[in-house]
Amino acid sequence: MSAAPVTLIGLGPMGQAMVRTLLAAGHPVTVWNRTPHRADGLVAEGATLAASPADALAASELVILSLTDYRAMYDVLGTAAPALAGRTLVNLSSDTPDRAREAAAWAAGHGAHFVTGGVMVPAPMVGTEAAYVYYSGPREVFEAHRPVLARIGTPRHLGEDAGLAQLMYLAHLDVFLTSLSALMHATALLGSAGITAAEAVPELMPTITDIPAILGAGEDVGAQIDAGEHPGHLSTVTMMGATADHIVDTSDSAGLDLALPRAVRAHYLRAIADGHGKDNWTRIVDGIRTPRREPNA
């Protein structure tokens, strides 16, 4: 049985990696990119370059999008809308959950199925055993194309709501980007005492890699949060808040930007003000969920 044809639109590093993975698995792949020369290497490896977005849509039932954002999808496919009927669009571009839901409605209005996705590995890891991708949208449509999508990475379908995959993707990046900023802030903090980045980063990295073990500690943190339980026998909001305060003061003395440490401290100050100083640090989730708004905010 021959492998199903696939169209892939958008040939940045991620798009190119997906094309090569699909070609290696024996799928006929049609590609299109606003800058055609990006397809030269892929064509040499067996891909077919479509002359237009409409031609790219016509080549395959399954159309994977790897673009900058969802706005780019409208820019590319807007003039080819009549060719969308009967196609399944799998948009692996990054954007907000609300825009993903709007895109699903737009695609349905043109007779196309729509599945949202979030690729959770960098381009060099696409197609490896470590790769996984979150999806959301119609289960039946997703399952019909699961074998092809599994070539990119292990598929994890979250539900029918088109916005769920983007929400999960952004939640991961929320942790990732905040961790990167914290790493750079800590590097700058050590640098204020003459410790070079080459010395600082190796010392700091174990804190990031040890977090899963620290959070585990024989307890299911997520289940406790869901149950509204925040036992303070290992750490408390007051204790963590004091540390956050010391980080702000030290950063201020070092002349560093205070936006990140002040934001972190604010979570603990809120929990303490709400009377939860003796609870576990996880209690800060309450204030994050229900922020206090200024009257004109």
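The values are calculated or read from the model by the stated rules, or taken from the named source; none is laboratory data. These figures come from a predicted structure and were not determined experimentally. We place every Cβ from the backbone using ideal geometry, glycine too, and count neighbours over all the protein chains shown.
With the structure loaded, tell me whether P36 is assigned by TED's automatic domain parsing to the domain that holds V119, within 23 Å of A144 (Cα to Cα), of a type outside the set (G, A, S) and over 26 Å from the mean Cα position of the chain (by Cα) or whether it fails that test. Judged against the criteria, P36 is not a match. Can you find a residue in segment 111-124 that is part of a helix (DSSP H, G or I), free of Cβ contacts under 8 Å to residues at least 12 places away in the same chain and in the same structural domain as P13 (by TED's automatic domain parsing)? Checked segment 111-124: no residue is part of a helix (DSSP H, G or I), free of Cβ contacts under 8 Å to residues at least 12 places away in the same chain and in the same structural domain as P13 (by TED's automatic domain parsing).
Can you pull out every residue in segment 48-63 that is of a type outside the set (G, A, S) and farther than 18 Å from T116 by Cα? Reasoning before the result, please.
Kept after step one, since they are of a type outside the set (G, A, S), are these residues of segment 48-63: 48-49, 53, 55, 57, 61-63.
Result: T48, L49, P53, D55.
Which of the residues spanning segment 52-73 are within 19 Å of H37 (Cα to Cα) and surrounded by fewer than 21 Cβ atoms within 10 Å (Cβ to Cβ)? Result: S52, A54, D55, T68, A72. Would you confirm whether or not segment 111-119 contains a residue that is hydroxyl-bearing (S, T, Y) and farther than 21 Å from G15 by Cβ? Within segment 111-119, not a single residue is hydroxyl-bearing (S, T, Y) and farther than 21 Å from G15 by Cβ. Within segment 51-67, residues that are outside the structural domain of H145 (by TED's automatic domain parsing) reach no partner that is surrounded by fewer than 16 Cβ atoms within 10 Å (Cβ to Cβ) and part of a helix (DSSP H, G or I) with beta carbons closer than 8 Å at six or more positions or on different chains. Look at segment 13-27: where a residue is in the same structural domain as V43 (by TED's automatic domain parsing) and a partner is at pLDDT below 95, sitting 6+ places away or on another chain with Cβ atoms under 6 Å, you get G26/A3; H27/A3.
Segment 136-219 holds helices (runs of 4 or more DSSP H) entirely within its bounds, and those carrying 3 or more residues that are of a type outside the set (S, T, Y), loosely packed, with under 13 Cβ neighbours inside 10 Å and within 15 Å of the chain's Cα centre (by Cα) map to 164-191. Figure legend. Inter-residue proximity from segment 75-99: first residues farther than 10 Å from P53 by Cβ and in the same structural domain as P138 (by TED's automatic domain parsing), second residues surrounded by fewer than 20 Cβ atoms within 10 Å (Cβ to Cβ) and of a type in the set (V, I, T), beta-carbon distance below 6 Å, spacing 6+ or different chains. Indicated pairs: T88/V141.
Looking at A244 and the list (1) of a type outside the set (D, E, K, R); (2) in a loop (DSSP other than H, G, I, E, B); (3) under 19 Å from M184 (Cα atoms), which single condition is not satisfied? Failed condition: (2). Can we say G137 is in the same structural domain as V121 (by TED's automatic domain parsing), among the small types (G, A, S) and touching a Leu at 6+ places or on another chain (Cβ under 9 Å)? So G137 fits the description; yes.
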